[in-house]
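Only one structure is covered here, and it is reproduced in the block below.
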Amino acid sequence: MGFIAESVRKALLLILSGSPDVVSAVWTSLVVAASSIVLASLLGVPAGICIGAGEFPLKRILLVSLNSLMAMPTVVVGLLVYALISRQGILGSWNLLFTPAGMVMGLTLLAVPIVANYSVSAVRGADSRIVSTALTLGATRIQSLLQLTREVRFGILAAIIAGFGRVISEVGAAMMLGGNIRGYTRTMTTAIALETNKGEFAYGLALGIILMGMSSAINALLTVVQEKRRCS
């Protein structure tokens with residue numbers, strides 16, 4: 001108990017004093033996660049809306065594929081992206097390995113299926129007559145889909161929040177693609193994993209407290225958005 005109490009005390013001191021290592025890891029995590037979810041939203045939201053609102057022969061197969069991709073192990077995604085951006089890979093000349101940009105690539109691929117799946121669920125839960133009514137009133141296909149997007153905006157926001165929660169807490173792909181370089185690619189999760197093994201328990205605990213706080217805030221925001229979605 002004495003070890004735990006002392007570690008908690010040191011962790012709180014690191015947080016309250018604004019330790020440069022703690023601040024750097026938190027900032028890198030936020031920048032990488034935010035960049036990833038923006039890209040994932042640009043890809044996943046339109047895809048989810050089109051899949052949810054459309055009717056085509058391969059729709060069921062596509063939905064099953066999206067569900068399968070959501071369960072894909074993060075280290076597998078990291079391995080695939082690593083193969084692309086390593087020196088022997090197709091994108092090796094871009095020098096993306098062990099950079100924030102390389103991490104963003106991997107985390108974007110992780111978040112796209114989540115955002116797309118949540119978007120599909122939001123569309124399927126909306127009134128099926130929205131698109132047909134808009135088309136009847138003279139709207140183009142794109143305009144009708146934009147109207148549908150406005151109607152399911154809370155569901156779309158929930159999709160983005162869920163995706164952000166996924167990437168901010170990811171460690172496998174971030175470790176493989178970023179390398180945990182201090183002050184450059186070190187995120188909260190990679191720092192917790194490696195620094196704790198080195199005996200820096202208080203440092204890992206400080207980042208763990210911050211990460212838990214962020215996760216709780218994200219879950220609370222997701223709950224609020226989902227309640228507004230039900231009431232709308």
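Table for the structure above
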quantity	calculated
Filter result (at pLDDT 90 or above and surrounded by fewer than 16 Cβ atoms within 10 Å (Cβ to Cβ)) within the range 184-195	TYR184
Which numbered condition SER121 misses (of (1) crowded, with 21+ Cβ neighbours inside 10 Å; (2) under 19 Å from VAL224 (Cα atoms))	(1)
Index of the failed condition, GLU227 passing every other in (1) assigned to a helix (DSSP H, G or I); (2) in contact with a helix residue (DSSP H, G or I) (Cβ under 6 Å, 6 or more places away or on another chain)	(2)
Residue in the range 187-210 that is among the acidic types (Asp, Glu), in a helix (DSSP H, G or I) and free of Cβ contacts under 8 Å to residues at least 24 places away in the same chain present	yes
Top-ranked residue in the range 14-31 [being free of Cβ contacts under 8 Å to residues at least 12 places away in the same chain and outside any loop (DSSP other than H, G, I, E, B); ranked as farthest from the chain's Cα centre (by Cα)]	LEU16
Qualifying residues in the range 101-143 (those that are assigned to a helix (DSSP H, G or I) and polar (S, T, N, Q)) - the one farthest from ASN67 (Cα to Cα)	THR136
Filtered residues of the range 81-98 (kept if without any contact (Cβ under 8 Å) to a residue 24 or more places away in the chain and part of a helix (DSSP H, G or I))	ALA83, LEU84, GLY92, SER93, TRP94
Lone qualifier among GLY78, GLY48 - being at pLDDT 90 or above, surrounded by 13 or more Cβ atoms within 10 Å (Cβ to Cβ) and closer than 19 Å to THR189 by Cβ	GLY78
Test set (1) free of Cβ contacts under 8 Å to residues at least 60 places away in the same chain; (2) in contact with a Gly (Cβ under 7 Å, 6 or more places away or on another chain) - SER144 fails condition number	(2)
Cβ pairs under 9 Å, 6+ apart, first in the range 32-44 and surrounded by fewer than 24 Cβ atoms within 10 Å (Cβ to Cβ), second among the aromatic types (Phe, Trp, Tyr) and modelled with pLDDT of 95 or more	none
Any hit, the range 169-177, residues being within 13 Å of the chain's Cα centre (by Cα), under 30 Å from ILE130 (Cβ atoms) and touching a residue at least 24 places away in the same chain (Cβ under 8 Å)	no
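So that you can scan it fast, the table gives a plain yes or no per residue for (1) at pLDDT below 95; (2) surrounded by fewer than 21 Cβ atoms within 10 Å (Cβ to Cβ):
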{"residue": "ARG87", "(1), (2)": "yes, yes"}
{"residue": "ALA101", "(1), (2)": "no, yes"}
{"residue": "ASN117", "(1), (2)": "yes, no"}
{"residue": "ALA134", "(1), (2)": "yes, yes"}
{"residue": "GLN143", "(1), (2)": "yes, yes"}
{"residue": "ALA159", "(1), (2)": "yes, no"}
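The values are calculated or read from the model by the stated rules, or taken from the named source; none is laboratory data. Only a predicted model underlies this, so the values are computations on that prediction, with no experimental measurement involved. We place every Cβ from the backbone using ideal geometry, glycine too, and count neighbours over all the protein chains shown.
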